[in-house]
Structures are given as structure tokens and as C-alpha cells.
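Visitor: Submitted below is the structure of interest, expressed as C-alpha cells.
Throughout, read-outs are computed from the coordinates displayed, never taken from laboratory work. Small disclaimer: the values here were computed from a predicted structure and weren't measured. Heads up, the Cβs are rebuilt from the backbone with ideal geometry, glycines too, and the neighbour counts pull from every protein chain shown.
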Amino acid sequence: MTIGLKINNLAKIWNPDSNNPVKALDNINLNIELGEFVVLLGPSGCGKSSLLYILAGLENATEGIAKFDGLKIESPSPERGLIFQEASLYPWLTVKDNVTFGLKISGFSQNKRDKAAERLLKLVGLKGAGEHRPHQLSGGMRQRAALARALAMQPKVLLMDEPFAALDIQTRARMQTHLLDVWKESKASVVLVTHSIDEALALADRVIVFTSRPGQIKAEISVSEPRPRDLRSSKMLKLAKKCEKLLEEEVEKAFKEQELA
Amino acid sequence: MSSQDFSSSSSSNNSKIRSYKLKNYLTTVLWTLASIGMFVCFWEFAWWRGWANPILLPPPHIFLSDLSDQFRFFDPGGTRAGALSTGGSFLSVLGVIAWSSMRVAAGLALGFVLSLLIGLGIRYFHIFGRLVLPLVTMLAPISPVAWIPVAVFIFGIGNAPAIFLVCVAVFFIMTLATLSQIDSVPKNYIQLAQIMGCSKRQIYRHVILPTILPELFVTLRMNLFAAWMVVLIAEAVGVGSGLGQVTMMARNTFNASLVFFTMTLIGITGFAFDQSLRYVQRKVLWWVGPSTVGAL
């Protein structure tokens, strides 16, 4: 049995039967191993989020196949947790009940849920916030609660769709460090979508650079520096330059296409 | 990463908040009184200058002067319109108000629950939705007034037709509101539930219902006034007793003082209703931020 995510010749077309079908992804081949931290980097609208939704099982691929642990991904599953740009906590539940929502659905007892909530909230640094309501938390705290909610299901993969894009730069840096800690502890794979080169280089084992629409894999960059990384070191700066150049070409291309259209 | 301190604010802070709230409340009350006072002054002025005929447009000091005389027209027993009741007292006035209020409350509650059930049903069961939605959309624009004869045909005279009419007045609009609320539940909420392993039934029960309830309650509150109008019309045309019946009797007997006295009662009762619904909303549906509730 193959472990991890396996994506073969995958393509996604939005509205395939309409007058203007939009090709979002084309010819994607990618393997992500257990415990690996992969960042999908690309200009906005390049379809990298679509790929994430397909991996989550919320969307179907038009062509090709995505497999997880050898099985075709057809529907959502708790073992592939998803984190959105907005925390999307349920406003009618307390933070604790949000975090253990999935456990409740799976039929865990109140006692077990309380224990899990305590452990998870401590893990994400929200100890004592369990009885609060989501609107009482700051953006960064909400996103940490969302992380705890995903971790509650003990996922094997964490899919993250620009999870820190709505946060200010300082909070974002702390959240990245924090995510790395949680990732090491949980031993799950992480697939994170971003358009920030710095974020990609700070986090990833492997950065997958996407072309503009339709999204194709343009380059793969392995980052072997030990974490925490100094993004100003000469080696990292070189990598950043490389990414910048790759992205610039794509943005240029996208702009030209928009002018034509 | 350190955890934040979430201990609740100190008691001195709490009392400060309380006095701030009290001040806010008093300001609101003062402005409300000023608003009513302005209107009353204008009316009294018009009477004083002789612009308003005291027979047709008696100002408040006239129609509020002889209360016991007015009270005689209120009969909570609900006997036929036009009859002077024997024991006209303050209690009988409250009784009449209570009858009208009860009809509004029952009709609203019934309409709310029914529209919620039908709305959820339309989206949950596909075939049921296909079958029922066109009907609801077609019946929605029919004024509740047009339903009065139907109400009388089916339920005769009494409480039932009045409650039915209030129910009709809110049902269709609330059903359509339920549908639009279900459709605007954030996609993220549902996708998250799917990932957590929720079944369709669980998504409706644990995600969609709590998401749509607050907005629906706001819609219900906005339709409260429509419900009041309908119940008065229903009572006026004789499907019950109540404030509407008193108004109609006052019209038929050219008793302008009684008309305005009853109108005052209707206004106050409607206001009280709105306030109590607002209170319920704040207590039961706490997850709507106070800002959203306060806006209406």
C-alpha cells in the first residue's frame, strides 16, 4: 500500500458544460509523503485552492485521480482536515464546543470531549479560552482554535488554504512558528496554499510553484535548511530570488492574458 | 506559545458597565418620551387653535380624561360588537388586550414553526421542495385580508380564524425567508461539517438550523407589526372580540374618543410586543452579536 497523497494527471475544469468552461488545473502530478510539509505557491487564481479542495474531497477532479493511502479520494473525511482563510468557527458554540464538534458527531462522551478540549487548547496556546465565544477572540486566536478543531480529529493530512492571509504580519510570523511546533508533534502531513514567498520558504520541506491559470506545476524547490530558518541568510535569499523570478513570469503572463480578454 | 489570560473583568469594572448601561437606557427612554410628547403637543396645539375638531379629532387630554367611561366598551367576554358591557373596569380593558395579544402570539408562534418546518423540508427533501415551492411562491403575494373569508368558511367565528389569519400573514414570507437563509449559510460551515463526518441530517440539525435561526427571528420581529394589523382587521370584521372589534364598534357609533383611546392601546401593546421579542431574541439567540440585534 502506498502511504500519503498521490496525484496523477489531475485536471479540473469549472463549469465544463457551460459556455465558458474555466480550466483551473491541468496535468498535475504530485506525491506527498507522510509527515511532509508541502507548500503550494502561485499567483492568485491559479487553481491551487481548487487542488486543496479536491484533496479534501469537497470537489471532484475532472480528469485524473487523487489517492490517499492508496484509496481514491471521493468524499470528505476527518483524516484530511481543512483549514480555511477565515477560521469559520461556529458562532453559536463556545470555543471548546467548536474544537470538539467533530468528536461529538463521532459520538464521544462529554467526559472524553472535555479532556480532549483541554489537551488541544493547551497545544495551540488557548488554555483557559474554552468557555469563550468565537467573537471574543482575536483573528489569530480564532485561527488557532480552528487548528485545534482540525487536530481533534487526529488527521493524517492538514490542508490549509491561505490560513494566515487575514492576519497581520507579526501575528502571522508567530502563527507560522506555532504551526511548525504543532506539525512536529502531530506527525501529520501539511499541504499549505499561499501566495507569500516568505511564508513558503519559512515553512516548507518542498515548495511547489504553480503557473497562472490553468494551474500547472512549474517548479519544485526543496528546502533543506533546518528550522527555524533565517530568511535573510544568503542561501534563503537565493531561494527567495528564484521563487520571485518564477512567480513574476507567471504574473506577467496572467496580466497579458487579461489585457487580451 | 503562552496562553492568554481570560479571567473575567473585575467587579468595579462591572458596576461601571452597569451604570453606563443604565445611563444609555435612560437616554433612550427620555428620547422616546420627547418623541411622543412632541406629537401630543402638536395635536393639543391644533385643538387649542381650533384647527382640530374635538368631535372628530379629540386630543389626548379629552380621550384620556374619562377613562371609566371608555372602559365600559371593553368586554373581554367577546360578546357581540356594539354591546355595552356591564362591568367596565381596567381589568376588562386588560382582558381585551390579552385576547388580541394571545391571538397574535399564537399565530406568530404557529407561523414561525410551520414556516421553519416547511422551509427546511423544501431544501431537505428534494421532491417535496419541487412540489411545494411553486405553490408557496404563488400563494405568498395574496394579502391576508383576502384570506378572511376563507378563515371564516373553515373556522367560523372565534379565536381560530384570527389565529389562522396571523399565521397566514407570516407563514409565506417566513417560508421564503427560511429558504433564502438556508441558501446563504456560509459554504465553509457546511464543508467543515462534512469533513468532520456529519451526515445530511446532522448538518441540518447542528449547522444549518443554528445558522439561520437568528436572522429568521429578526424577520419574525419585522413581521410582528403585519401580524398586529391582520389581527385587528380580523377582529374588526367580526371573527372575534378584541381591540379590533372595539375600534370597529367605535367607528360605527362615531365615538372618536374611543377610536383614539383604542389606537393608543394598540400602539402601546405593539411596542411592548416588539420589546419582549427583542428580549427573547437576546436571551435565546445569544450568538448574534449585540450589534446586529441592536441595529433593528
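Visitor: Report, as a whole number in µm² per second, the diffusion coefficient that Stokes-Einstein gives for segment B:172-285 at 4 °C and 1.567 mPa s using the Kirkwood radius over alpha carbon pairs.
Guide: It comes out at roughly 76 µm²/s.
Visitor: Specify the angular offset, from 0 to 90 degrees and rounded to the nearest 10, of the alpha carbon long axis of helix B:11-48 from the longest principal axis of the alpha carbons in chain B.
Guide: 40 degrees
Visitor: Within the protein assembly as shown, what percent of beta bridges assigned by DSSP are antiparallel, to the nearest 5?
Guide: 50 percent
Visitor: Based on the alpha-carbon gyration tensor of segment A:89-154, what equivalent-ellipsoid semi-axes (square roots of 5 times the eigenvalues) come out, in whole Å, largest first?
Guide: 17, 12, 10
Visitor: Quick one: what does P(r) look like for chain B with 5 Å bins over all Cα pairs, in whole %?
Guide: So the P(r) values, bin by bin, are 1, 5, 9, 11, 13, 12, 12, 11, 9, 7, 5, 3, 2, 1, 0, 0.
Visitor: Report the residue, chosen from B:218, B:237, B:40, that carries the largest GNM mean-square fluctuation when chain B is represented by alpha-carbon nodes joined by springs under 10 Å.
Guide: Residue with maximal mean-square fluctuation among B:218, B:237, B:40: B:40.
Visitor: Sticking with this structure for a sec: In degrees between 0 and 90, to the nearest 10, how far off the longest principal axis of chain B does helix B:256-284 point, with axes built from Cα atoms?
Guide: In chain B, helix B:256-284 runs at an angle near 20 degrees to the longest axis.
Visitor: How many partner chain Cβ atoms sit within 10 Å of a residue's Cβ in peptide B:183-196, on average, as a whole number?
Guide: Values: counts 0, 0, 0, 3, 3, 8, 4, 1, 9, 15, 5, 8, 17, 14.
So the per-residue partner count for this stretch is 6.
Visitor: Please figure out what share of the DSSP beta bridges in chain A is antiparallel and state it in percent, rounded to the nearest 5. Let's see the in-between values first.
Guide: On the way: 19 of 38 bridges.
For chain A, the DSSP antiparallel bridge percentage is about 50.
Visitor: Please report the spacing between the Cα centers of segment A:52-131 and segment B:118-149 in Å, no decimals.
Guide: Spelled out, the Cα-based centre of one part sits 37 Å from the other.
Visitor: Who wins for biggest fluctuation among B:244, B:111, B:95 in a Gaussian network model of chain B, springs between alpha carbons below 10 Å?
Guide: B:95
Visitor: While we're looking at this one, here's another question. Relative to the first principal axis of the alpha-carbon coordinates of chain B, what is the inclination of helix B:243-252, with its axis defined by its Cα atoms, in degrees from 0 to 90 and to the nearest 10?
Guide: Orientation of helix B:243-252: about 30 degrees from the principal axis.
Visitor: Strictly over 25 Å apart at the Cα level, which of A:6/A:156; A:12/A:67; A:187/B:187; A:48/A:256 would you flag in this model?
Guide: Pairs exceeding the cut-off: A:187/B:187.
Visitor: Using Cβ contacts closer than 10 Å as the measure, can you line up B:100, A:196 from fewest to most? Intermediate results must be reported in sequence, preceding the final value.
Guide: Values: B:100 26, A:196 17.
Lowest count first: A:196, B:100.
Visitor: On to the next question. Counting each DSSP H run of 4 or more residues in the protein assembly as shown as -39500 (n - 2.57), what helix-only mean residue ellipticity at 222 nm follows after dividing by all residues, to the nearest 500 deg cm²/dmol?
Guide: For the protein assembly as shown, the value works out to -18000 deg cm²/dmol.
Visitor: Another question, then. Among A:3, B:62, what is the fewest-to-most ranking by other Cβ atoms within 10 Å? Walk me through the numbers before you get to the answer.
Guide: Values: A:3 13, B:62 17.
Ascending Cβ contact count within 10 Å gives the list A:3, B:62.
Visitor: Now, a different point. Stretch residue A:65-residue A:170 to full length: gain in nm at 0.36 nm per residue minus the Cα-Cα span?
Guide: 33.9 nm
Visitor: Top mean-square fluctuation among B:172, B:39, B:271, Gaussian network model of chain B, C-alpha springs under 10 Å?
Guide: B:39
Visitor: Okay, next question. Where in chain A are the helices, taken as whole DSSP H runs, whose Cα atoms extend 30 angstrom or more along the long axis and whose Kyte-Doolittle mean reaches at least -1.0?
Guide: Answer set is A:234-260.
Visitor: While we're on this one: In peptide A:87-93, how many Cβ atoms from other protein chains are near each Cβ within 10 Å, on average?
Guide: 6
Visitor: Still on this model: Could you work out the mean projected area of the convex hull around the alpha carbons of the protein assembly as shown, in square nanometres to one decimal?
Guide: 35.9 nm²
Visitor: Give the order of A:178, B:206 when sorted by the count of other beta carbons within 10 angstrom, beginning with the fewest.
Guide: Exposure proxy ranking, most exposed first: A:178, B:206.
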